[in-house]
1. Could you check segment A:128-159 and list, in sequence order, the residues that are open to solvent by 20 Å² or more (accessible area, probe 1.4 Å) and under 19 Å from the mean Cα position of the chain (by Cα)?
2. Go through segment A:164-174 and count every residue that is more than 16 Å from ligand 3 (Cβ to nearest atom), among the aliphatic types (A, V, I, L, M) and in contact with an Asp or Glu (Cβ under 9 Å, 6 or more places away or on another chain).
3. Could you check segment B:94-134 and list, in sequence order, the residues that are acidic (D, E) and open to solvent by less than 10 Å² (accessible area, probe 1.4 Å)?
4. Tell me, yes or no, whether segment A:187-197 has at least one residue that is under 12 Å from A:V89 (Cα atoms), within 16 Å of ligand 3 (Cβ to nearest atom), in contact with a Pro (Cβ under 9 Å, 6 or more places away or on another chain) and not in a helix (DSSP H, G or I).
5. Of the residues that sit in segment C:51-71 and are within 13 Å of another protein chain (Cβ to nearest Cβ) and open to solvent by less than 30 Å² (accessible area, probe 1.4 Å), which one is farthest from ligand 2 (Cβ to nearest atom)?
6. If the Cβ limit is 6 Å and pairs must be 6+ apart or interchain, which residue in segment D:81-100 that is among the β-branched types (V, I, T) pairs with which residue that is in a helix (DSSP H, G or I) and open to solvent by less than 30 Å² (accessible area, probe 1.4 Å)?
7. Please indicate, with yes or no, whether at least one residue in segment C:8-20 is over 30 Å from A:R94 (Cβ atoms), away from ligand 2 (no atom under 16 Å from the Cβ), part of a loop (DSSP other than H, G, I, E, B) and not small (G, A, S).
8. Got a sec? Which of E:G285, E:G212 is within 11 Å of chain B (Cβ to nearest Cβ) and small (G, A, S)?
Amino acid sequence: MSLLNVQNLEVVYNDVVLVLKGLSLNVAKGSITTLLGANGAGKSTTLKAISGLLEGEDGKATSGTILYKGQPMSSKSPEKTVRQGIFQVMEGRRIFEDLTVEENLRCGAYTQPAKNFSGNLEKVYTYFPRLRERKAQLAGYMSGGEQQMLAIGRAVMASPELLLLDEPSLGLAPLLVEEIFDIVKKINKEEGVTVLLVEQNARMALSLADYGYIMENGRIVMDGKGSELLHNPDVQEFYLGLSHGGEKRSYRDVKHYRRRKRWLG
Amino acid sequence: TIKVGLLSDLTGPTSSVGTPYAQGIKDCTAYVNANGGINGEQIELIQVDYAYNVQQALSAYKRFKSKGIVALQGWGTGDTEALVRFVSRDKIPVFSASYSPHLMDPSKAPYNFTIAPDYSTQGRAGLKYIKDTWTEKRAPRIAFVYPDKPYGHVPLPAMKEYAKELGFEVTGDETLDLKAMDATPQILGLKKQKADFVWVGGTTPSTAVLMKDAEKLGFKGKFLVNIWGNDENLAKMAGPACEGNLGMQAAAVYGQDVPGMKIIETETKGQPQMTHYLRGFVSTMVMVEGMKKAAANGKITGENIKNALETMRDYDPMGLAPAISFYPEDHRPSMAVNVCTVKDGKLEFVQTVSLPRDAKWLGK
Amino acid sequence: MNGNNEPLLSVNNITLTFKGVAALSRVSCEVPKGSITSLIGPNGAGKTSMLNCISGRYTPDKGSITMRGKELLGTKACKRTDFGMSRTFQNIALFKGLSVLDNLMVGRHSRIKYGLLASLFYFGKARKEESVHRARVEEIIDFLGLSPYRHQAAGHLPYGVQKKVELGRALAAEPELLLLDEPMAGMNLEETEDMARYILDINEEWGISVFLVEHDMGVVMDISDHVVVLDFGRILASGTPEEVQSNPKVISAYLGDEDGLYQGR
Amino acid sequence: MLKCGLFFTSYNKEDQFFPSMFQKTCLGLFIAAMLIAPQVLDFYYISVMNLIMIAAIGAVSLNLLTGVCGQMSLGHGAFVGVGAYGCAILASKGLPFVICLLGGGTFAALAGMFFGIPSLRLKGIYLAISTLAAQMILEYVFLHWSALTGGANGMPVDPPSIMGFSFDSDEKMFYLIFAVTTLCVLGVSNIIRSRSGRAFIAIRDFYQSAENVGVNLFHFKLQAFATSSFIAGIAGGLWAYYAMYITPEQFSISLSISYLAMIIVGGMGSVTGAIFGAVFITLLPEVLNTTTSLLSSFAPDISSLMAPLKEGIFGLTLVLFLIFEPEGLVRKWKLIKAYWKLYPFAY
Amino acid sequence: MEYYFQLIINGLVVGSIYSLVALGFVIIYKATKVVNFAQGEMVMAGAYICFALTVQYQIPFALAFLMTLAFSVILGLVIERMILRPLIGEPIISVVMVTIGLSSILKSLVQVFWGTQIRVFPPILPQEPFILLGLPIAPVYVAAFVLCLLLFAVFSLFFKYSSIGIAMRATAFDQQAAQSMGIGIKNIFALSWCIAAVVSSIGGIILGNINGINSQLGHLGLKVFPAVILGGLDSLLGAALGGLIIGVLENVCEGVARELFNLGGFKEVASFVVLVIILMVKPYGLFGTKEIERV
Ligand SMILES: Nc1ncnc2c1ncn2[C@@H]1O[C@H](COP(=O)(O)OP(=O)(O)OP(=O)(O)O)[C@@H](O)[C@H]1O
Ligand SMILES: Nc1ncnc2c1ncn2[C@@H]1O[C@H](COP(=O)(O)OP(=O)(O)OP(=O)(O)O)[C@@H](O)[C@H]1O
Ligand SMILES: [Mg+2]
Ligand SMILES: [Mg+2]
């Protein structure tokens, strides 16, 4: 059953720049769906269009529909979307640096009734024991990985049904990337939270995801099961850095020339 | 028509007194125009609000000049000082409500006129009044409270000198900001100095604060307030605390029994006006008188008005202010100052104090 | 490998604490002349802090840092360019209001000599000097393929281009040592490959030594001559890429399982 | 400027302020118009133009500090004041005009540097408030150092004279002010496009990375304060000569605020913008006054009604500009220029 | 000695007025990062509204007080909606200038409605002074002091413990991120301006009771800057203490300058001189939070 369905979405920035050019995708309830794509393809824009955060950036969805639980999104304002159960973890963590860890978590719980607070907090602390250690510390002084944990922790506090994750692995050490992805998987399994994941780290994302979309220039150019995409030769060449035959290419051998194939959607 | 510039502060920091002053000028002009103008010619006032900003005053002046004014009704210290050299170059007489001593000296400010003697003279008159009414044997002790602004500093040296001459003991200074909310430190200082009298060079709000705190702290000295610090608002703000204190004024108070008050009362339809209004009114009367004399001698030009004014001797503005004379070498309009007091919440005229027209005081 | 083991930069026993918490403790390492040396380690290990110490943003409490034998500590950050080093930043730190060209010209700041008075009249000397430097900057612009953006304000460029401009600005100072803080973060495969190529070219053709901080193990292991691993402010291991990636301590603290090596793609 | 078919054969050519023939012609026409203005215009307009040009120097100088270097100053009026007093003091010693003007600028530069010292440690609004402190402290000095400044009585200044020629009327002053303004504007534009200017912008945009490319923050912040105050001092000197009388009240916080308003309305960081801003903010009260006096011939009491509205209109203008044209008049100007570029005869 | 002692007490008392106004200022800053140069004018507006209700419409004071607060809420909403909301995300100097513009507008409106005359409140509080250590203190000041303490306590708790308070701080730090938490930032802004307007009005009413009001009352805002900055822009404690410190400083410096150097009017600059010195040592004031700057 599909929880979120996006059809022919078009988004324009500053009334001039057309960034999404008729994007459609589908997120099944309870699944992890991933959205891959080059820099500037419009992945973050897609997420913002869903969560309503476009309005603060001079962006507008000019056409297309976004169906959530089969209903068109009634309102575009981000606070309403959060109340409906959609929560976006924004690119670059965006934690409140001069608030403490626990205050950050309280912000995450802003839309939740007070009685759920301590339960959710406990949950976050079991997922991320490191946050418990640092609950009274100013969030701005934490390391990148901890900040990312906090950002996801804030999302857990809001008990969302649909979690939009924008590049959670950005700037994280390999071990932590795995840790974060494990926890995302756990949240998906244990809480039954549906996840829409945007990533540059294609290998990780595809091995985690039930279903994947690849976008280019504001359109979906390819989609399929996670495992299928992992083995697609084009994906391997352009997203996984493997040469034909599944061998990893060395960066030393790459020369400067335009290798990019145009993906025509 | 005869064009006259009116430079007023209707919105700036001195607007609470600038507005009635400007109204007095406008009403007097209307009165003169309604009564035949200057030999049938009407006076046209061109008013500009400069919000006490010197740059705006300067450009307002240029605007006046290009419109061909023959005289200017100015206002405060800042603008009057800034215009001194322009008006003498352009030969346009200015009447202002800034009574700085050096504006009285034609060698420095040949085209500046006022209807009240300078701040120093006013202060001296006040001192003289105190001294004349002082009955004790010992020397009276006097202190000075003033804002730390050009306007507050101007008359101090002259007054201190004269106070010593009269046999006062000068005990010290306190500064009180024009926007002060509290004057406790100043009163504490005054108490320490054991001052019998305090000359106050503020504006009404700061004076009111001073008097209220004096009462609260049981300070026994008497205040002698300069021309901008005692008006009809003082009693409203300070309440009983200001009773019995003295103030210096240049014009009559509204309702005072003088011949001109009839006209004022009809012009204002019986609405009481502040003393600043009366001063604006008188200032215009003097200017009109100068114009009339100039017209009698020839054309109404700035230079002629100035020359005519300098032949003015004991012109009586219907009792609204002490008689006024100007001399080519001395622009002090008179040496007489009205001492007022507050009684039952009302500003009341007490006595006119006259000083000799002493040449050594000119411009100081 | 093109490094001839003479150290260009050597860091000796530096300790850096923030309010009593040690970000670096007794760390020593070297960048041999002509090498690409990489610094890796978990988030918050102190990699950026290390670069900050070298470039003069932070002052270590103890220890010494020498370049070609000359002590760096005690000289201000703005004087370090005179020693022949320049750097890029983890989060893009461009001068948003300046054009790409001017960003690079600022990069040459310490090489331009004329003073305020000369610039007031902008005649003769100043003008001549400007054109000389302008010519150098144009070379770098060509090298990095930035010509189409030359006159655009840096703040409005796509993310990947901004990263290149940062590199260009650092190059403009004609350093002997280039400090790069996560130049690949947030880039897609293609841009990562390009960036890796630039770094190799800079190193091989221009003879500039590189000190690289990066989480993309694929890149690090492929292009570095030397890898230093930092953990909790201490040196965990150092050696050739092969040595490091098989070191069990490094695996358990940083890489995780083997996947970690191919992190990114 | 570069988009429409202009090609450059050398970097120097690209460097010119007015690369195209068309622009050079416009500039020539403008200068010619300015030169004959005093002969044809009413003297009131000339005096307003004088005020505008003096304001423009001040605004351009504040723009260098605030718009270009990013150091917000609420004390610029006082730096102008230091220049005015410095100039007046030197003039009262009988020194020639150019020396006095430059001397005034130098005094102002010293004051600016002194009060720029906190900028090493302070940022944003904290720095702004410390420049507000500079404003207050300097005002206090103007009033209390009466031996030098004449204190409360102010200082008279004689009209400037160069080699016996006395600039004693608005028209004559016009040429002098125009010349000085042109020099100042050119100087500031040159600074902005050269090493120091780039360093200033670098400090504004990202001071940490500026430091790492070799910009000595303290040195260049002080340099920004010094150059900016120097030029502000020149504006002050001209003002002193023009007003012929200076008092402490002339250099109050409201002067500082009006300079800030100028660079905001004109467009931060742009020399042209600062000039537009100076024109706009100086003209605003004049236009309102003219309107008032026009209206008052129909309704005589309008002036007392309009007076309080004037300040409100000033405030409203600021607010509207910031809401609807946050990049200032200069953006409008660029749009107009872009429009003309497409005009067939432009090139 | 007693002289200085009394100066200090008096400084504390007068400083509580600064603190009161400073609190309004800090509340806005904490919740919206807006440096409000129109704080003084908001105080003035509140004072005039209360004046109009009590004197011109003869409404009993208690009721008029409540109505003033209601009006302030509306004023706060209007200011936020019309003037500040469009500026969300603009650089600090723009925001400073827009509040300067706002201050001009408010001043002009007051002049249009009430003219430039000085207006005097009817005596509301008892006039009989309290005696504290031999120094009589007018009840108005006691009221200011108590109100100041009360507001400080309430808002400290509010920002520390209430969800909305924390949300306000979060919004000030990063508006978009706050939105993504489901925080309605428009409501947050509106709320904080309402709160600040209410606090300012209370300050205005107190001030009106001291010595009447006129259209220049807004200048008080300028005097409050040293207090706010000294305490640290975003610290309620800083505002409260900063006001008191400035009050004392003004009095003592004036006294010392007068006694030792016979220098007058030092009061007005004393606070600024001290401010700069303290800022050089502590660039974020006494209690302000240091901006976290990492590259
Ligand atoms: N606020 C904005 N105003 C104008 N253009 C924007 C804005 N935000 C994004 N864009 C443009 O829209 C395009 C898509 O941006 P988006 O952030 O959605 O890309 P992305 O796929 O998330 O890229 P990345 O991998 O770098 O995060 C880019 O070209 C970008 O320049
Ligand atoms: N200015 C500072 N003030 C206080 N603590 C700091 C500061 N800069 C860094 N730290 C602390 O020092 C430690 C090392 O931080 P650093 O930024 O060097 O890590 P890193 O290795 O670069 O991590 P990442 O890979 O996430 O960039 C962290 O715990 C961080 O919180
Ligand atoms: Mg993105
Ligand atoms: Mg780092």
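1. Initial filter on segment A:128-159 (open to solvent by 20 Å² or more (accessible area, probe 1.4 Å)): A:129-130, A:132-138, A:141, A:147, A:159.
Across segment A:128-159, the qualifying residues are A:Q147, A:S159.
2. Of the residues in segment A:164-174, the ones more than 16 Å from ligand 3 (Cβ to nearest atom) are A:173-174.
Of the ones still in play, those that are also among the aliphatic types (A, V, I, L, M) are A:173.
Next, only the ones that are in contact with an Asp or Glu (Cβ under 9 Å, 6 or more places away or on another chain) stay: none.
Total meeting the criteria: 0.
3. Our first condition is that a residue be acidic (D, E); within segment B:94-134, this holds for B:105, B:118, B:132.
Within segment B:94-134, just B:D118 meets the criteria.
4. If we filter segment A:187-197 for residues that are under 12 Å from A:V89 (Cα atoms), which is where we start, we get A:195-197.
Now narrow it down to the ones that are within 16 Å of ligand 3 (Cβ to nearest atom): A:196-197.
Cutting the leftovers down to in contact with a Pro (Cβ under 9 Å, 6 or more places away or on another chain) gives us A:197.
In the following step, the residues that additionally are not in a helix (DSSP H, G or I) were identified as A:197.
Scanning segment A:187-197, I find at least one residue that is under 12 Å from A:V89 (Cα atoms), within 16 Å of ligand 3 (Cβ to nearest atom), in contact with a Pro (Cβ under 9 Å, 6 or more places away or on another chain) and not in a helix (DSSP H, G or I), so the answer is yes.
5. C:G56
6. D:V82/D:A108; D:V82/D:A111
7. Within segment C:8-20, the first condition is being over 30 Å from A:R94 (Cβ atoms), and the residues that meet it are C:8-15.
Keeping just the survivors that are away from ligand 2 (no atom under 16 Å from the Cβ) gives C:8-10, C:12-13.
Narrowing further to those that are part of a loop (DSSP other than H, G, I, E, B): none.
No - not one qualifying residue is present in segment C:8-20.
8. Details: E:G285 fails: within 11 Å of chain B (Cβ to nearest Cβ).
Residue meeting the stated conditions: E:G212.
The values are calculated or read from the model by the stated rules, or taken from the named source; none is laboratory data. Predicted model only: the values in this text are computed from it and were never measured. Every residue, glycine among them, receives a Cβ derived from its backbone with ideal geometry; neighbour counts consider all protein chains shown. With ligands, DNA and RNA removed, areas are computed over all heavy atoms of the protein, side chains included. Shrake-Rupley method; radii C 1.70, N 1.55, O 1.52, S 1.80 Å.
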